[in-house]
Amino acid sequence: MLKIRIDRRAVPQPRHRATRGGRMYLPTSAPVRAFKAAIRERALAAITTPMPGPVRVTVACTFRRPPSHLGRGGRPRPAAPMAPGRNLGDVDNLAKAVLDALSGVAFLDDSQVVELVTSKAWDRSDQTLVTVEPMGALCHAGTR
């Protein structure tokens, strides 16, 4: 099992761009590159070989509320959004960035992911918690 925490704001995987010739690319200045590098670095420090079989991945992204959301005593204002919105990324794109970063490190390929749970919520700090668990026997339990 792999459990890592990245103490920075999660960045969603953006859409790739196309050149006039049709080649797809991700701009070198894309903020997702630093986010993925941080995940990869933490994973490499925590695991020696990629998991070979099916895996379950959990990604929990927390975001610090902007000061405009807070009232007296640091409590959220009544009109403040209950959950982070579109401007912080769609959960599928947040998960894609994490899975891309872990591919070849925590597991051989993201096609091994058979269960994925991704969430985003407000908290006191920007943080991403990632858990990768081997599922081996669980995946074969329902087959004959």
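The values are calculated or read from the model by the stated rules, or taken from the named source; none is laboratory data. Remember, predicted model here, so these are calculated numbers, not experimental data. Reconstructed Cβ throughout: ideal geometry from the backbone, glycine too, with neighbour counts over all protein chains shown.
With respect to being assigned to a loop (DSSP other than H, G, I, E, B), closer than 19 Å to Ala106 by Cα and not basic (Lys, Arg), Thr49 fits the description. Scanning the stretch 75-103 for residues that are in contact with a helix residue (DSSP H, G or I) (Cβ under 8 Å, 6 or more places away or on another chain), of a type outside the set (S, T, N, Q) and at pLDDT 95 or above yields a count of 6.
Here the stretch 23-46 is the region considered, the condition is being modelled with pLDDT of 85 or more and small (Gly, Ala, Ser), and the residue that is surrounded by the most Cβ atoms within 10 Å (Cβ to Cβ) is Ala43.
Output yes when any residue across the stretch 123-132 is part of a helix (DSSP H, G or I), buried (at least 21 other Cβ atoms within 10 Å of the Cβ) and among the hydrophobic types (A, V, I, L, M, F, W, C), and no when none is. No; the residues of the stretch 123-132 include none that is part of a helix (DSSP H, G or I), buried (at least 21 other Cβ atoms within 10 Å of the Cβ) and among the hydrophobic types (A, V, I, L, M, F, W, C). The sole residue among Val105, Val114 that is part of a loop (DSSP other than H, G, I, E, B) and in contact (Cβ under 8 Å) with a residue 40 or more places away in the chain is Val105. Among the residues of the stretch 49-62, the ones that are buried (at least 21 other Cβ atoms within 10 Å of the Cβ) and out of contact with any Phe, Trp or Tyr (no Cβ under 6 Å at 6 or more places or on another chain) come to 3 in all. Taking first residues from the stretch 79-92 that are at positive phi and partners that are surrounded by 10 or more Cβ atoms within 10 Å (Cβ to Cβ) and in a loop (DSSP other than H, G, I, E, B), the Cβ contacts under 6 Å between residues at least 6 apart in sequence or on separate chains come to Gly89/Pro12. Filtering the stretch 104-121 to residues that are touching a helix residue (DSSP H, G or I) at 6+ places or on another chain (Cβ under 8 Å) and not polar (S, T, N, Q) leaves Val105, Ala106, Asp110, Val113, Val114, Leu116, Lys120.
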